[in-house]
Amino acid sequence: MSLKKYFNKNYAVLILICINIIVFIALNAFPDLRDVFLLNAEPKIALEKPWTLITVFFSHELLIHILLNMFLVLVFGTELYKETNAKVVYIAYILCGFIGSLSVLVYASLIGYNGGLIAGASAASFGIVATYVMLQPNAIILKSKSKYWLIALFVVNAILTIQNPQVSVGGPAHAIGILVGLLIGWLLKKKLSSKNNQ
C-alpha cells in the first residue's frame with residue numbers, strides 16, 4: 001500500500017497523532033510552553049486559561065506516555081475509523097478528553113493535589129478504545145479480544161491510582177474517558193440498530 005493510500009485510509013487518526021507529536025516536540029524544545037498547553041490542577045487558575053482543558057489532551061512530556069497513548073489511538077482509532085467515520089473518531093477523542101479534563105480538576109481538588117501542571121491524552125485515548133469496544137467487543141486486536149484490552153487498561157489504571165493518588169492524579173479522568181467512550185459507543189450502536197430495523 002502506498003503512503004498516499006495509507007494516509008487516505010487513516011487520515012483522521014494520523015492527524016490526531018501528528019498534532020500530539022508536534023506538541024510533544026514543542027514542549028520539550030521550549031519548556032516555557034508548558035504554561036500555555038498544560039492543565040493547572042487549581043480550578044481557578046485553569047479557568048483563567050480555559051483552552052488548556054483542550055490542549056492538555058494533545059500534550060505529553062514523557063516519551064513513554066506519548067508512545068503508549070498514540071499506540072492506542074493508532075490501533076483502536078484506525079479500527080473505529082473503519083467501523084464509523086472521521087467525525088466519530090474526532091468526537092470520541094475530544095469529548096472523552098474534555099470531560100476527562102474537567103474530572104481532573106474535581107479530583108485534584110478533592111485530594112489536595114499539589115503536583116503542579118498536568119499533561120496527557122490518556123482519557124482521550126482510553127475513550128477511543130472504549131468506543132470501539134462497545135461496537136466490537138469480540139474483535140481480535142493483536143491476538144486478543146478488544147474487550148480484554150479495555151479491561152486491562154481499566155484494571156492497571158485503577159491499581160496505579162489506588163497505590164499513589166498524587167502521582168496518578170489523572171487516574172479518575174482515564175476512567176471517566178472510558179465511561180464516556182462506552183456511552184458514545186452505546187449511542188452509536190443504538191443508532192445503527194434503529195437504522196437496520198427501519
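The values are calculated or read from the model by the stated rules, or taken from the named source; none is laboratory data. Bear in mind that the values here come from a model prediction, so they are computed numbers and not experimental data. No Cβ is skipped: glycine too gets one built from the backbone with ideal geometry, and neighbour counts run over all protein chains shown.
Can you find, within the range 113-134, the residue that is farthest from the chain's Cα centre (by Cα) among those that are in a helix (DSSP H, G or I) and farther than 16 Å from N69 by Cα?
Residue satisfying both the conditions and the ranking: M134.
With respect to I64, is the statement that it is more than 29 Å from I140 (Cβ to Cβ) and surrounded by fewer than 19 Cβ atoms within 10 Å (Cβ to Cβ) true?
no
Looking only at the range 42-90, count every residue that is part of a helix (DSSP H, G or I), small (G, A, S) and within 13 Å of the chain's Cα centre (by Cα) and tell me the total.
1
Would you pick out the residues in the range 116-168 that are closer than 28 Å to L187 by Cβ and basic (K, R)?
Selection gives K145, K147.
I need the full set of residues from the range 146-156 which are touching a helix residue (DSSP H, G or I) at 6+ places or on another chain (Cβ under 6 Å) and farther than 19 Å from L95 by Cβ, in order please.
Across the range 146-156, the qualifying residues are S146, K147.
Pick out the one residue from L183, L188, L110 that is hydrophobic (A, V, I, L, M, F, W, C), surrounded by fewer than 19 Cβ atoms within 10 Å (Cβ to Cβ), part of a helix (DSSP H, G or I) and more than 16 Å from the chain's Cα centre (by Cα).
The conditions single out L110.
In the range 117-137, what count of residues is obtained for those that are surrounded by fewer than 20 Cβ atoms within 10 Å (Cβ to Cβ) and under 18 Å from F24 (Cβ atoms)?
Result for the range 117-137: 1.
Any chance the range 70-82 includes a residue that's over 15 Å from I19 (Cα atoms), in contact with a Pro (Cβ under 8 Å, 6 or more places away or on another chain) and in contact (Cβ under 8 Å) with a residue 12 or more places away in the chain?
No, because not a single residue in the range 70-82 is over 15 Å from I19 (Cα atoms), in contact with a Pro (Cβ under 8 Å, 6 or more places away or on another chain) and in contact (Cβ under 8 Å) with a residue 12 or more places away in the chain.
Pick from the range 143-164 the residues that are in contact with a strand residue (DSSP E or B) (Cβ under 9 Å, 6 or more places away or on another chain) and small (G, A, S): which of them is surrounded by the fewest Cβ atoms within 10 Å (Cβ to Cβ)?
Taking the candidates together, the pick is A152.
What number goes with the only condition from (1) under 18 Å from the mean Cα position of the chain (by Cα); (2) surrounded by fewer than 22 Cβ atoms within 10 Å (Cβ to Cβ); (3) modelled with pLDDT of 95 or more that I140 does not pass?
That leaves (1) as the condition not met.
So which residues in the range 41-91 are among the aliphatic types (A, V, I, L, M) and more than 23 Å from Y107 (Cβ to Cβ), if there are any at all?
L63, L67, M70, V73, L74, V75, L80, A86, V88, V89, I91 - these are the residues of the range 41-91 that are among the aliphatic types (A, V, I, L, M) and more than 23 Å from Y107 (Cβ to Cβ).
Taking the stated definitions as given, is Y90 out of contact with any Gly (no Cβ under 7 Å at 6 or more places or on another chain), at pLDDT below 95 and among the aromatic types (F, W, Y)?
no
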